[in-house]
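**Q** Shown below is the structure under consideration.
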Amino acid sequence: MDRIVIRGGVPLHGEIQISGAKNAALPLMAACLLSEETLTLSNLPHLADISTMAHLLADLGVEISMNGHAPNGGHAGRVFGLSGKNISSTTADYDLVRTMRASILVLGPLLARFGEAKVSLPGGCAIGTRPVDIHLKGLEALGAEIELEGGYVIARAPDGLKGGRYLFPMVSVGATENLLMAATLAEGETVLANSAREPEITDLANCLVAMGAKIEGIGSDTLTIQGVPALHAAEHSVLPDRIEIGTYATAAVITGGDLKLVGARLDLIEAVAEILGSAGATIQEIDNGFRISRTDCELKGVDMITEPYPGFPTDMQAQLMALMAVANGASLITETIFENRFMHVPELCRMGANINVHHQASAIVRGVEKLSGAQVMATDLRASVSLVLAGLAAEGETVVNRVYHLDRGYEHLEAKLSGCGARIERVKD
Ligand code: EPZ
């Protein structure tokens, strides 16, 4: 398995190009199943999860043409043409679903267009049990018959889905995406109350509208959808990845550097920018992005609590904890979305951080002068990158093992960081 080796202590200076959002690209790719015409997606990031979703869709019969980079040259992401014309199967097998939970996002589209779907239950992952009960209850509210058999969800709607009202019992990004896609082809009106409002959902809704869907309340917590008989071809560019933006912004701050994030949108990371500013960063909007630096002031401890958008995103919790580990003062970090998302704590402590976790929900971080490089283990995507950030700031050498987690969510990570002066390299075993 590959490892990443970092020799820390170098303030980062330069520019980083932000890629398309993984968590927007995955539902957008699933949306191609809703139409027999071609959905063309641009600015897709080069990530393992994107390849897995492409593999899953191809297994279902989607014809995928990969058209290389978009016209504006090397930095832009890939362009995929996805045609749902000749779907040959409505079954998503365990072997693929277990490698990527987001595979569950094919359930709603398949059921809506074909009246049936058989999708393996995704199972949990390192950060939690990750149930899909809300996805299933929501589809039942649209008239689906759902059975669980042999680890699979077997969903049927022989007379098609019928519009209905569904109040999400808790905010769920994936369940909102599944229901939103399903509702576009359901007969009549669907109201989805207490919907998630993440920018990736807004991006998906905008793409569905371009495909001919009728959706009101985009960006709000109540989505109203008038079903239509069919969706048509569309072209859509994936929005920038707000978690990548937040991650590299944190890299500038933790190393005491000065970075321009090109293609970044500050409006996507308001809660993160607020925390970074309070911690001592200077942020300045520039053409097509923003500049973030911390060159002459010390880091201050800041409390934070993860919440659904527009609150502080859980996907940035591990990264900000690495930053707080070297701040002057203490920081109380509370995780409210997932039940086990502090696995980066023992690894950061091996680097000299002073962090105590209480009842799995809160961590008190007492900043130390310096972290020391060490051999550390990655356990999930965002925990992995928090260890990279810690390594960039630490004295000495840090070796991050199991970097396949990183490849799921960060495109060309070492190249983007070494291009700004980081001493970072990938070692293949
Ligand atoms: C999406 O996961 C993201 N993944 C996650 O990013 C992100 O952390 C999460 O949203 C929260 O923002 C993708 O978009 C591919 P949820 P999702 O449904 O949809 C519980 C990353 O690092 N829940 O909003 O699975 C669930 O257990 C990944 O890029 C149920 O109980 O998240 C969790 O506690 C990690 N039943 C909470 O809701 C359900 O049916 C929020 O989960 C569904 C969810």
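The values are calculated or read from the model by the stated rules, or taken from the named source; none is laboratory data. Predicted model, so just to flag it, every value in this text is computed and none were measured. Cβ: placed from backbone, ideal geometry, glycine included. Neighbour counts: every protein chain shown. The protein model used for the area step is the full one, side chains on, heavy atoms only, and it has no ligands, DNA or RNA in it. Shrake-Rupley method; radii C 1.70, N 1.55, O 1.52, S 1.80 Å.
**Q** Once phi is turned into ³J(HN,Hα) by the Karplus curve 6.51 cos²θ - 1.76 cosθ + 1.60 with θ = phi - 60°, what whole-Hz value does each residue of segment 119-126 show in order, with x for glycine and proline?
**A** 10, 4, 5, x, x, x, 8, 4
**Q** How compact is the chain by the rule of thumb for globular proteins, expressed as Cα Rg over 2.2 N^0.38 Å? Working shown, then result.
**A** Numbers: Rg = 21.5 Å, N = 429, 2.2 N^0.38 = 22.0 Å.
That works out to 0.98 for the chain.
**Q** Report the local net charge at Arg3: Lys and Arg +1, Asp and Glu -1, summed over other residues whose C-beta lies under 13 Å from its C-beta.
**A** Working: positive: Arg402, Arg426, Lys428; negative: Asp2, Glu397, Asp407, Glu414, Glu425, Asp429.
The answer is -3.
**Q** Pairs of Cα atoms under 8 Å, at least six residues apart: use those to get the relative contact order of segment 298-429, whole percent. Provide the component values of the computation, followed by the final result.
**A** Details: 246 pairs, mean separation 27.8, N = 132.
It rounds to 21 percent for segment 298-429.
**Q** Another question about this same structure. Can you give me the accessible area per residue for the chain, using a 1.4 Å probe, in Å²? Each step should come with its number before you reach the end.
**A** Details: 16270 Å² over 429 residues.
Roughly 38 Å² per residue, with all protein chains present.
**Q** Further question on the same structure: May I ask for the equivalent-ellipsoid semi-axes of segment 244-325, computed as the square root of five times each C-alpha gyration tensor eigenvalue and listed largest first in whole Å? Spell out each step's value before the answer.
**A** Numbers: eigenvalues 62, 53, 19 Å².
So the equivalent ellipsoid measures 18, 16, 10 Å along its semi-axes.
**Q** Right, next: Sorting Glu15, Glu116 by accessible area (1.4 Å probe), largest first, what list results? Mind showing how you got there, number by number?
**A** Working: Glu15 115, Glu116 90 Å².
Order by accessible area, largest first: Glu15, Glu116.
**Q** How charged is the neighbourhood of Lys85? Take every other residue with its Cβ under 10 Å from the Cβ of Lys85, and add Lys/Arg as +1 and Asp/Glu as -1. Show your work: numbers first, answer last.
**A** Numbers: positive: none; negative: Glu36, Glu37, Glu63.
That sum, taken over residues with Cβ under 10 Å, equals -3.
**Q** A follow-up question, please. Return the percentage of antiparallel bridges among DSSP beta bridges fully within the chain, rounded to the nearest 5 %.
**A** Working: 59 of 83 bridges.
If I count the DSSP bridges inside the chain, around 70 percent turn out antiparallel.
**Q** Expressed in whole Å with the largest first, what are the equivalent ellipsoid semi-axes of segment 322-384 derived from the C-alpha gyration tensor as the square root of 5 times each eigenvalue? Before the final figure, lay out each step's value.
**A** Details: eigenvalues 65, 49, 14 Å².
Semi-axes, largest first: 18, 16, 8 Å.
**Q** Evaluate the distance, in nm, between pseudo-label points positioned 7 Å from the Cα of Ala210 and of Phe114 along their respective Cα→Cβ axes.
**A** 2.6 nm
**Q** Give me the percent of accessible area attributable to carbon and sulfur for the chain, probe 1.4 angstrom.
**A** Details: 7850 of 16270 Å².
Carbon-and-sulfur percentage of accessible area, whole number: 48.
**Q** Where does the chain land at 222 nm, in deg cm²/dmol rounded to the nearest 500, when only DSSP H runs of n ≥ 4 count, each adding -39500 (n - 2.57), divided by all residues?
**A** Details: 14 runs with 127 residues, N = 429.
Calculated from helices alone, the mean residue ellipticity at 222 nm is -8500 deg cm²/dmol.
**Q** Greater than 29 Å separation of Cα atoms is the criterion. Which listed pairs, Lys22/Lys118; Lys260/Lys300; Lys214/Lys260, meet it?
**A** Working: Lys22/Lys118 24 Å; Lys260/Lys300 22 Å; Lys214/Lys260 38 Å.
Beyond 29 Å between Cα atoms: Lys214/Lys260.
**Q** Compute the angle between helix 381-393 and the longest alpha-carbon principal axis of the chain, please, reported from 0 to 90 degrees and rounded to the nearest 10.
**A** 20 degrees
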